[in-house]
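The next block holds one structure in the form of structure tokens; read it before the comments.
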Amino acid sequence: MQFIMRMLEIADAAKPRLARGVRLQIDSTTGKSVLLFAEGILELNETAQEILTRCDGRTVSEIVLALAEEYDADPMALAADVRETLIDLQRRKLIELA
Amino acid sequence: MTVPRPYALLAELTYRCPLHCPYCSNPVVLKSATAVTAELTTDEWRRVIREAAALGVLQIGFSGGEPLARRDLADLVHAAREANLYTNLITSGIGLDDDRMRALRDAGLDSVQLSFQSDDTDLADEIAGARAHERKLNAAAKIRAAGIPLSLNFVIHRRNIDRLPQMIGLAEMLRAERVELANAQFYGWAFLNRAALLPTREQVVSAREIATTAKARLAGKIDIFYVLPDYYESRPKPCLNGWGQRYLTVNPVGDVLPCPTASSAIPDLHFENVRARALDWIWRESESFNRFRGTEWMPEPCQSCPQKEIDFGGCRCQAALFTGNAANTDPVCTLSPNRAGVDAVLGDLNSSSDHACDWTCRMNPMKLPVSQ
């Protein structure tokens with residue numbers, strides 16, 4: 001129930017962005033993307049990395065469409081993954097929804 | 001053994017501090033060589049920062065003593081940002097005026113952890129041994145105004161643990177993102193003052209409830225991070241996530257430590273200095289970083305324990321302080337043959353209502369020449 005309610009919080013028109021004090025950068029040791037924040041470091045999987053590099057003022061719908069185009073995938077199928085990742089990052093206070 | 005890469009560097013810029021907290025983790029007695037050697041210079045710190053980044057470090061914490069006592073703090077923050085590090089300032093806030101706040105923000109400071117002794121001015125100032133509380137409130141306002149994420153760090157002990165609700169209230173009032181309520185860890189000055197600092201079992205139980213309730217109430221608003229005094233635990237903390245695995249500390253004179261309290265708690269270990277050796281060599285090759293790396297060094301009951309990759313045998317410094325041998329199992333573990341030592345400390349405290357309350361305030365190093 002909690003999960004469904006949280007899902008509803010992310011509207012298609014929401015514009016996700018990194019929370020204050022959070023940085024996205026490449027870890028030069030591994031070549032992978034990481035989020036750096038006051039309490040720690042989060043190594044990103046490929047999905048999270050592809051989403052976060054597009055959190056530049058675009059809406060959730062626009063991010064889904066961009067990824068669908070890039071990977072030649074079904075936007076409806078991608079949307080669930082994108083939302084799940086954004087929900088997880090929001091719960092960790094690493095992104096905000098403008 | 002494959003040597004992992006480090007993630008975080010704790011840069012202890014100076015042992016100088018305007019406060020005199022009785023639980024300070026700085027060494028009580030500075031080794032004679034340490035006491036007469038000057039602090040690292042700005043250029044030496046810049047080199048340490050570059051070497052740490054090359055080794056894989058992603059985060060740096062500027063600490064001390066009081067790091068604002070170094071006039072070159074903003075320059076070092078800038079150097080760390082140039083090396084792509086995430087920069088944390090761990091401070092009492094004393095000395096943070098508008099000019100320095102602006103310089104730190106312009107240098108790219110990412111986050112501040114501001115220490116508080118209590119929510120109550122008189123008690124806070126008594127613990128700090130200085131008129132500090134009002135100045136900390138001012139510092140918090142400046143950090144907020146600069147738009148930098150703020151964490152309030154309270155060290156919890158017998159004298160302030162009953163004020164947990166009010167301390168959480170202060171964090172709400174100051175609009176902190178995070179509040180750390182960490183019981184004093186008994187090393188350095190805190191080990192010396194343990195009899196006056198260790199909370200009673202009753203206090204610990206009540207505090208845990210208060211922290212859990214507040215955590216739920218403030219979820220999504222303020223992160224509450226509560227740390228129990230480990231003497232009341234039955235399994236040891238996974239200290240440092242293992243020796244020489246993720247963290248390294250460079251102290252004010254350039255000694256490189258696997259853990260900030262190791263130099264005083266483990267006197268038989270020789271620590272290398274950045275003035276004589278490259279950081280990369282110290283991390284990979286030195287005896288001090290390799291002595292307790294991995295699991296091969298472990299004695300029983302750790303060696304055959306299914307928890308050995310989870311808690312790594314606990315804390316080497318605690319083992320050394322209780323048993324005289326840093327290679328022993330952390331005596332907090334109820335499987336340790338030395339657990340009786342911890343139980344004796346708890347028994348003395350909880351069986352009597354007549355508690356020691358005198359403590360020795362931290363003193364500043366007198367002989368340390370200042371390079372700035």
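The values are calculated or read from the model by the stated rules, or taken from the named source; none is laboratory data. The structure presented is a predicted model; accordingly, all values stated were derived computationally and were not measured. As a convention, Cβ positions derive from the backbone with ideal geometry for all residues, glycine included, and neighbour counts pool all protein chains shown. The accessibility values were calculated without ligands, DNA or RNA, using every heavy atom of the protein model including side chains. Shrake-Rupley method; radii C 1.70, N 1.55, O 1.52, S 1.80 Å.
Here are the numbers for the structure shown:
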{"quantity": "B:PHE116 of a type in the set (A, V, I, L, M, F, W, C), in contact (Cβ under 8 Å) with a residue 40 or more places away in the chain and within 25 Å of B:ASP358 (Cβ to Cβ)", "calculated": "yes"}
{"quantity": "Count - residues of region A:41-58 that are out of contact with any Lys or Arg (no Cβ under 8 Å at 6 or more places or on another chain) and within 14 Å of chain B (Cβ to nearest Cβ)", "calculated": "1"}
{"quantity": "Unique match (being free of Cβ contacts under 8 Å to residues at least 60 places away in the same chain, basic (Lys, Arg) and in a helix (DSSP H, G or I)) among B:LYS221, B:LYS215", "calculated": "B:LYS215"}
{"quantity": "Residue satisfying all of: in region B:96-124; within 26 Å of B:ASP223 (Cα to Cα) and assigned to a helix (DSSP H, G or I); nearest to the other protein chains (Cβ to nearest Cβ) among these", "calculated": "B:ARG105"}
{"quantity": "Which listed residue, of B:ALA130, B:ALA139, is open to solvent by less than 60 Å² (accessible area, probe 1.4 Å), part of a helix (DSSP H, G or I) and either more than 14 Å from chain A (Cβ to nearest Cβ) or not charged (D, E, K, R) (or both)", "calculated": "B:ALA139"}
{"quantity": "Test: B:ARG144 is out of contact with any Ser or Thr (no Cβ under 7 Å at 6 or more places or on another chain), at pLDDT below 95, open to solvent by 10 Å² or more (accessible area, probe 1.4 Å) and under 30 Å from B:ASP97 (Cα atoms)", "calculated": "no"}
{"quantity": "Selection count where residues are at the interface with chain B (Cβ under 9 Å from one of its Cβ atoms) and among the basic types (Lys, Arg), scope region A:19-39", "calculated": "2"}
{"quantity": "Selection count where residues are aliphatic (A, V, I, L, M) and open to solvent by 30 Å² or more (accessible area, probe 1.4 Å), scope region B:84-114", "calculated": "2"}
{"quantity": "Filtered residues of region B:54-72 (kept if more than 21 Å from B:HIS20 (Cβ to Cβ) and within 20 Å of the chain's Cα centre (by Cα))", "calculated": "B:VAL57, B:LEU58, B:GLN59, B:ILE60, B:GLY61"}
{"quantity": "Qualifying residues in region B:84-95 (those that are away from chain A (no Cβ under 14 Å) and out of contact with any Lys or Arg (no Cβ under 6 Å at 6 or more places or on another chain)) - the one modelled with the highest pLDDT", "calculated": "B:SER92"}
{"quantity": "Enumerated helices (runs of 4 or more DSSP H) restricted to region B:242-352, each holding at least 1 residues that are open to solvent by less than 10 Å² (accessible area, probe 1.4 Å), without any contact (Cβ under 8 Å) to a residue 40 or more places away in the chain and of a type outside the set (A, V, I, L, M)", "calculated": "B:287-290"}
{"quantity": "Condition check for A:MET76: modelled with pLDDT under 95, open to solvent by 90 Å² or more (accessible area, probe 1.4 Å) and away from chain B (no Cβ under 14 Å)", "calculated": "yes"}
{"quantity": "Pick from region B:9-20, criterion of a type in the set (A, V, I, L, M, F, W, C) and more than 13 Å from the chain's Cα centre (by Cα), ranking: most open to solvent (accessible area, probe 1.4 Å)", "calculated": "B:CYS17"}
{"quantity": "Residue check, B:ARG81 open to solvent by 60 Å² or more (accessible area, probe 1.4 Å), within 14 Å of chain A (Cβ to nearest Cβ) and assigned to a helix (DSSP H, G or I)", "calculated": "yes"}
{"quantity": "Selected residue [open to solvent by 30 Å² or more (accessible area, probe 1.4 Å) and either hydrophobic (A, V, I, L, M, F, W, C) or more than 14 Å from chain B (Cβ to nearest Cβ) (or both)] from A:GLU96, A:GLU62", "calculated": "A:GLU62"}
{"quantity": "Condition met for B:ARG71 (among the basic types (Lys, Arg) and not in a helix (DSSP H, G or I))", "calculated": "yes"}
{"quantity": "In region B:174-204, the residues that are touching a helix residue (DSSP H, G or I) at 6+ places or on another chain (Cβ under 9 Å) and in a helix (DSSP H, G or I)", "calculated": "B:GLY188, B:ALA190, B:PHE191, B:ARG194, B:ALA195, B:LEU197, B:ARG201, B:GLU202, B:GLN203, B:VAL204"}
{"quantity": "Residue satisfying all of: in region B:162-194; over 20 Å from the mean Cα position of the chain (by Cα) and open to solvent by 60 Å² or more (accessible area, probe 1.4 Å); nearest to the other protein chains (Cβ to nearest Cβ) among these", "calculated": "B:ARG175"}
{"quantity": "Breaking point among (1) open to solvent by less than 50 Å² (accessible area, probe 1.4 Å); (2) out of contact with any Pro (no Cβ under 6 Å at 6 or more places or on another chain), for B:SER206", "calculated": "(1)"}
